[in-house]
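Asks: Okay, handing you the structure first.
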Amino acid sequence: MTKKTKGVAAIVAFLVVSIAAATFLLNDNNSKPTVAVTQPNEAQDQQTSHDHAEEKQASTSQATTQPYSPLLFSAGKDYRELPVPVQTDATAEQVEVVSVFWYGCPHCYALEPQLDRWKPTLPGDVKFIRTPGFFSPNLWQTHARLYYTVRSMGIEDKVHAGIFSEIQNSRNLLGDDDAMAEFLNREYGIEESAFTEAYKSFGVNNQLQQAFSKLKGYNLSGVPAIIIDGRYVVEPGLAGSLSNMPVIADFLIRKVKQDRKSS
């Protein structure tokens with residue numbers, strides 16, 4: 001074999017080895033599992049200024065479906081710590097967890113099933129409270145009055161999911177007490193006059209005033225949000241996704257208990 005032939009053979013051998021190595025690396029990379037990415041359910045927006053803020057917040061909340069490691073949770077990164085704590089309605093032995101929502105919010109509607117699965121897992125010393133979010137006399141406040149009305153009537157658990165579905169899926173905004181009374185009578189047999197009386201009652205007015213005072217203290221720019229012990233705020237923007245919110249809330253519940261023991 002001449003020197004020229006040997007040189008050509010060496011080049012061919014080198015190319016064969018290189019192609020084989022590249023093929024192996026490509027196949028190895030393709031065999032690695034991909035990480036799924038989730039987004040909140042984008043249902044029809046109700047076109048209010050605060051809902052625009054909520055959509056802007058949720059649009060940045062793409063994240064993996066796998067929960068974060070609790071060791072990585074920190075204030076300012078995964079949740080907010082309020083500079084001035086808001087007084088809770090829990091006893092000294094309890095940890096208050098407040099879920100802030102709006103019936104017209106598609107992301108709140110998407111979070112509801114996750115909260116329904118999460119609530120039964122909460123310890124007995126955790127007090128879970130729903131609070132309708134509202135910031136001014138608009139549709140948000142109207143829906144907040146609706147929530148406090150059905151709660152005062154003792155039918156919250158019976159009708160809460162149905163109200164969400166009526167607004168989100170049937171596109172019936174339930175924008176006034178007549179529409180609300182008709183819907184509740186049609187779907188649940190609630191007497192319209194009884195609803196209207198409760199809707200305009202002093203007790204519901206009082207609950208709205210108390211809720212508004214607390215909402216101001218939470219410094220929210222939108223919903224949904226979960227408030228732990230009146231001090232920690234979990235929102236989709238920092239949490240990374242709706243599914244991460246209960247995970248971070250669990251971490252904060254444990255943190256509150258641990259801090260109380262060490263104080």
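The values are calculated or read from the model by the stated rules, or taken from the named source; none is laboratory data. Predicted, not measured: the structure shown is a model, and the values here were computed from it. Neighbour counts run over all protein chains shown; Cβ positions are idealised from the backbone, glycine included.
Asks: Within the group Asn205, Asn219, Asn169, which residue is under 18 Å from Tyr109 (Cα atoms) and out of contact with any His (no Cβ under 8 Å at 6 or more places or on another chain)?
Replies: It is Asn169.
Asks: Of the conditions (1) at pLDDT 95 or above; (2) more than 20 Å from the chain's Cα centre (by Cα), Ser136 clears all except one; give me its number.
Replies: Against the list (1) at pLDDT 95 or above; (2) more than 20 Å from the chain's Cα centre (by Cα), Ser136 comes up short only on (1).
Asks: Restricting the stretch 156-180 to residues that are farther than 15 Å from Glu197 by Cα and hydrophobic (A, V, I, L, M, F, W, C), which is surrounded by the fewest Cβ atoms within 10 Å (Cβ to Cβ)?
Replies: As a first pass, look at the stretch 156-180 and keep what is farther than 15 Å from Glu197 by Cα: 156-175.
Subsequent filtering for residues that are hydrophobic (A, V, I, L, M, F, W, C) retains 159, 161, 163-164, 167, 173-174.
Details: Val159: 20, Ala161: 13, Ile163: 22, Phe164: 19, Ile167: 26, Leu173: 15, Leu174: 22.
Of everything passing the filter in the stretch 156-180, Ala161 is surrounded by the fewest Cβ atoms within 10 Å (Cβ to Cβ).
For (1) farther than 27 Å from Gln87 by Cα; (2) touching a residue at least 60 places away in the same chain (Cβ under 8 Å), each residue gets a yes or a no:
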| position | (1), (2) |
| --- | --- |
| Ala179 | yes, no |
| Glu187 | yes, no |
| Phe195 | yes, no |
| Val204 | no, no |
| Gln209 | no, no |
| Phe212 | no, yes |
| Gly222 | no, yes |
| Gly230 | no, yes |
| Glu235 | no, yes |
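Asks: Output the residues belonging to the stretch 168-182 that are in a helix (DSSP H, G or I), out of contact with any Leu (no Cβ under 6 Å at 6 or more places or on another chain) and within 24 Å of Glu112 (Cβ to Cβ). Explain how you work it out, then say what you get.
Replies: So the first thing to find is which residues in the stretch 168-182 are in a helix (DSSP H, G or I), and the list is 168, 177-182.
After this cut, where a residue has to be out of contact with any Leu (no Cβ under 6 Å at 6 or more places or on another chain) as well, the list is 168, 177-179, 181-182.
Hits for the stretch 168-182 are Gln168, Asp177, Ala179, Ala181, Glu182.
Asks: Can I ask one more? Under 6 Å between Cβ atoms, at least 6 apart or on separate chains: pull out the pairs that start in the stretch 136-165 with a residue that is under 20 Å from Lys119 (Cα atoms) and in a helix (DSSP H, G or I) and end on any residue that is modelled with pLDDT of 95 or more and among the aromatic types (Phe, Trp, Tyr).
Replies: Short answer, once both residue conditions are applied: Val159/Tyr188; Ile163/Tyr103; Phe164/Tyr103; Phe164/Tyr109.
Asks: Pairs under 6 Å by beta carbon, first residue within 23 Å of Trp102 (Cα to Cα) in the stretch 115-132, partner in a helix (DSSP H, G or I) and aromatic (Phe, Trp, Tyr), six or more apart or different chains?
Replies: Pro132/Tyr147
Asks: What is the one condition in (1) part of a helix (DSSP H, G or I); (2) at pLDDT below 95 that Ala194 does not satisfy?
Replies: (2)
Asks: Go through the stretch 87-104 residue by residue and tally those that are more than 20 Å from the chain's Cα centre (by Cα) and either crowded, with 24+ Cβ neighbours inside 10 Å or among the β-branched types (Val, Ile, Thr) (or both). Spell out the reasoning first.
Replies: Quick first cut of the stretch 87-104, residues more than 20 Å from the chain's Cα centre (by Cα) only: 87-94.
Filter once more, so that each one left must be either crowded, with 24+ Cβ neighbours inside 10 Å or among the β-branched types (Val, Ile, Thr) (or both): 88, 91.
Residues that pass the stated criteria total 2.
Asks: Right, next: Can you tell me how many residues in the stretch 197-239 are part of a loop (DSSP other than H, G, I, E, B) and of a type outside the set (A, V, I, L, M, F, W, C)? Working first, answer last.
Replies: First, the residues of the stretch 197-239 that are part of a loop (DSSP other than H, G, I, E, B): 200-201, 219-224, 229-231, 235.
Now drop any that are not of a type outside the set (A, V, I, L, M, F, W, C), which leaves 200-201, 219, 221-222, 224, 229-231, 235.
Number of matching residues: 10.
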